[in-house]
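Trainee: Below are the structure tokens for one structure; questions will follow.
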Amino acid sequence: MNIDYQEILDEIYQEIKPFKGEGEVADYISELANIDPDKYGISLHCFDDQEYALGDSREKFSIQSISKVLTLSLAVSQMGDRIWDRVDVEPSGDPFNSLVQLEYERGIPRNPLINAGAIVVADVLISILDNPKDDLLRFVRSICGNDGIDFNPKVADSEKATGYRNAALAHMLRSFDNIKNDVDTVLDFYFHQCSLEMTCQELSRTFLLFANHGASYESGEQLLSKRLTKRINAIMQTCGFYDEAGEFSFRVGLPGKSGVGGGIVAIYPQQYSVAVWSPRLNPKGNSVLGMKSLELLTTKTGLSIF
Ligand code: GLU
């Protein structure tokens, strides 16, 4: 089927205009509060190596929670299924930074894409990597084929300054012995991974890995096994959108992940990877225009995994 993606992106851009002022920028991380709320970019990378893009698609933004998919991938690539002893794979139905479930489920986070789960994954990486932050950067740069990807230390520091909830989660995890390393070291790694900056173009290129059964789109090298890639995609599908994962599946029908920086990335296996960025968030923490854009994309193309 021949789809004119550029025309579809242009149509989407017109149709989302009435919703442009809806939602609020995340301001609990002070550096994120300074972002122009009306930025909008989208990039779609197809398997035929074509990229279709629009708006601020080449401007860097803070990928925040989207990084959780990348750290999980690095962890499973190193230790395989043993990771699931430390973190479960069920949707939480609670906000991403909730403490309550963790207490009554005795320190085993519901999934790796909520903060508690990602903090456990951060701890795992600190245990198994020689230079955790550098090794993470190397991994992400190699998937994307781009050495320019980096942390934003200002964003990491500003989150550290007010990251009381994440500190509470990490200490609770430590009390259940589900964190093995120094809590401050784990939090420092976590805040850095969240501060990773990418453009929509870089993000969509990076996530081609998950659309490509775990083989690098750049080199063809199998970075993740097919089986583990299936698991990560399933977790994105069921847990990738805070307590709105059902709504995203319902409206869009693709595996993906969002972040409070306003980014959303989603994949259509063997077809494309798409990243959209618009900083205004709905009350659940997902980008308003990002959700609308992807809903329109799968509606207009008639393609989703369902
Ligand atoms: N660094 C953010 C936090 O832990 C990530 C949140 C997100 O993007 O969901 O609060």
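Quick note: the coordinates plus some simple rules give every number you see, no bench work behind them. Treat the numbers as computed from the prediction; the structure is a model and nothing was measured. Here the Cβ positions follow ideal geometry from the backbone for every residue, glycine too, while neighbour counts run over all protein chains shown.
Trainee: Given the DSSP H assignment, sum -39500 (n - 2.57) over each helix run of at least 4 residues in the chain and divide by its residue total; what's the result at 222 nm in deg cm²/dmol, nearest 500?
Mentor: -13500 deg cm²/dmol
Trainee: For the range 3-101, which semi-axes, largest first and in whole Å, follow from the square roots of 5 times the eigenvalues of its Cα gyration tensor?
Mentor: Sorted largest first and rounded, they come to 31, 22, 14 Å.
Trainee: Could you give the dipole magnitude of the chain about its Cα centre, charging the beta-carbon of Lys and Arg +1 and that of Asp and Glu -1, in debye to the nearest 20?
Mentor: So the magnitude is around 560 debye.
Trainee: Sticking with this one: For each pair in K39/K292; K160/K284; K17/K160, compute the distance between the two Cα atoms and list the pairs where it is over 25 Å.
Mentor: Values: K39/K292 15 Å; K160/K284 22 Å; K17/K160 35 Å.
Exceeds cut-off: K17/K160.
Trainee: Over 5 Å intervals from 0, what percent of Cα-Cα pairs in the range 42-159 sits in each interval?
Mentor: All Cα pairs, binned at 5 Å, distribute as 2, 9, 17, 19, 18, 15, 12, 5, 2, 0 percent.
Trainee: Can you work out the Karplus-derived ³J(HN,Hα) for every residue in the range 239-247? Use 6.51 cos²θ - 1.76 cosθ + 1.60 with θ = phi - 60°, whole Hz, and x for glycine or proline.
Mentor: Once θ is set to phi - 60°, the couplings for the range 239-247 become 10, x, 10, 6, 8, 10, 5, x, 4 Hz.
Trainee: Still on this structure, please answer the following. Per the Cauchy relation, a quarter of the hull surface: what is the mean projected area of the convex hull of the alpha carbons in the chain, in nm²?
Mentor: In nm², the orientation-averaged hull projection of the chain is 13.9.
Trainee: Using only the alpha carbon atoms of the range 254-293, find the Kirkwood hydrodynamic radius as the inverse mean reciprocal pair distance, in angstroms to one decimal.
Mentor: So the Kirkwood estimate lands at 10.1 Å.
Trainee: By how many nm would the segment from V100 to N282 lengthen if fully extended, with 0.36 nm per residue of separation less the alpha-carbon distance? Can you show the working numbers first?
Mentor: Values: separation 182, 0.36 × 182 = 65.52 nm, distance 2.26 nm.
Stretched out fully, the V100 to N282 stretch lengthens by 63.3 nm.
Trainee: Okay, next question. Just to be sure I understand the model, the point goes 7 Å from the Cα along the line to the Cβ. What's the resulting N131 to S77 distance in nm?
Mentor: 1.7
Trainee: Can you tell me which aspartates and glutamates have their Cα less than 15 Å from the Cα of K60? Leave out same-chain residues fewer than eight positions away.
Mentor: Cross-link targets: E31, D36, D38, D147, D150, E197, E202.
Trainee: In debye to the nearest 20, how big a dipole does the range 170-247 give about its Cα centre with +1 on each Lys and Arg Cβ and -1 on each Asp and Glu Cβ?
Mentor: For this selection, approximately 500 debye.
Trainee: Taking Cα centroids, how far is the range 98-134 from the range 238-306 in Å?
Mentor: Rounded to whole Å, the Cα centres lie 24 Å apart.
Trainee: To make sure I understand, if each residue's beta carbon is the centre and we count other beta carbons within 10 Å, what order do Y5, Y190, Y164, Y272 fall in, fewest to most?
Mentor: Taking fewest neighbouring Cβ atoms as first place, the list is Y164, Y5, Y272, Y190.
Trainee: Using the Cα atoms of the range 87-239 to build a convex hull, what is its mean projected area in square nanometres?
Mentor: Over all viewing directions, the range 87-239 projects a mean Cα-hull area of 9.1 nm².
Trainee: Can you check what the net charge comes to around A275, using other residues whose Cβ is under 9 Å from the Cβ of A275 (Lys, Arg +1; Asp, Glu -1)?
Mentor: Every neighbour counted, the sum reads 0.
Trainee: I would also like to ask the following. Report, in debye and to the nearest 20, how large the dipole of the range 153-290 comes out about its Cα centre when Lys and Arg carry +1 and Asp and Glu carry -1 on their Cβ.
Mentor: In debye, rounded to 20, the range 153-290 gives about 400.
Trainee: Another one. Can you give the FRET efficiency for Y13 and H171, using 1/(1 + (r/R0)^6), R0 = 41 Å, r = Cβ-Cβ distance, to the nearest 0.05?
Mentor: 0.35
Trainee: Give the value in nm², to one decimal: projected area of the alpha carbon convex hull of the range 191-294, averaged over all directions.
Mentor: Working: hull surface 26.0 nm².
Result: a mean projected hull area of 6.5 nm².
Trainee: Among T185, V89, I119, which residue has its Cα positioned farthest towards the positive end of the charge dipole of the chain, with +1 placed on the Cβ of Lys and Arg, -1 on the Cβ of Asp and Glu, and the dipole taken about the Cα centre?
Mentor: V89
Trainee: Right, something else. If you filter the range 21-109 for trypsin sites (Lys or Arg not before Pro), then keep DSSP loop positions with at most 15 other Cβ within 10 Å, what is left?
Mentor: Passing both the DSSP loop test and the Cβ count: R58, R106.
Trainee: A further question on this structure: For K230, list the lysines whose Cα falls under 18 Å from its own Cα; do not include residues on the same chain fewer than 8 positions away.
Mentor: By straight Cα distance, K230 reaches K68, K257.
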